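This report concerns only the one structure given below.
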Amino acid sequence: MANEGVRLEAKIDGLRKAASTILNWIDKYVRSKVFSIELPKSVQTMIRCVIGRDFDSHNITANGISYALNN
């Protein structure tokens, strides 16, 4: 049980750092930065069912996030 809490805190900390980095890129108009998002198993399963291919991550640019936020 304690290990699960530690792992959860580590994941949350990682997400905080990623969000901070992405927001910094957007604020500074560093639009060409590319990063990879690891897809959860449930999403991987849905993708496999819908398109018949396996994907475990997705690459996205800061510009793509900015565009999505504005539209």
Compute the label zone of Leu69 within the range 11-29: residues whose backbone N is under 13 Å from the point 7 Å along Cα-to-Cβ.
19-29
Taking the Cα centre of the range 1-51 as origin, work out the dipole magnitude from +1 charges on Lys and Arg Cβ and -1 charges on Asp and Glu Cβ, in debye rounded to 20.
200
Debye intensity ratio in log₁₀ form over the Cα atoms of the chain, taken at each q of 0.11, 0.12, 0.19, 0.28 Å⁻¹
-0.39, -0.46, -0.92, -1.12
What are the lysines whose alpha-carbon lies under 18 Å from the alpha-carbon of Lys17, with same-chain residues fewer than 8 places away excluded?
Lys28, Lys33
Suppose all protein chains stay in the model; what accessible area per residue would a 1.4 Å probe give for the chain, in Å²?
84
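The values are calculated or read from the model by the stated rules, or taken from the named source; none is laboratory data. Everything numeric here is computed off the predicted structure, so don't read it as measured data. Ideal geometry is used to build each Cβ from the backbone, glycine not excepted, and the neighbour counts take in all protein chains shown. Please note that ligands, DNA and RNA were not included when accessible areas were found on the heavy atoms of the full protein model with its side chains. Shrake-Rupley method; radii C 1.70, N 1.55, O 1.52, S 1.80 Å.
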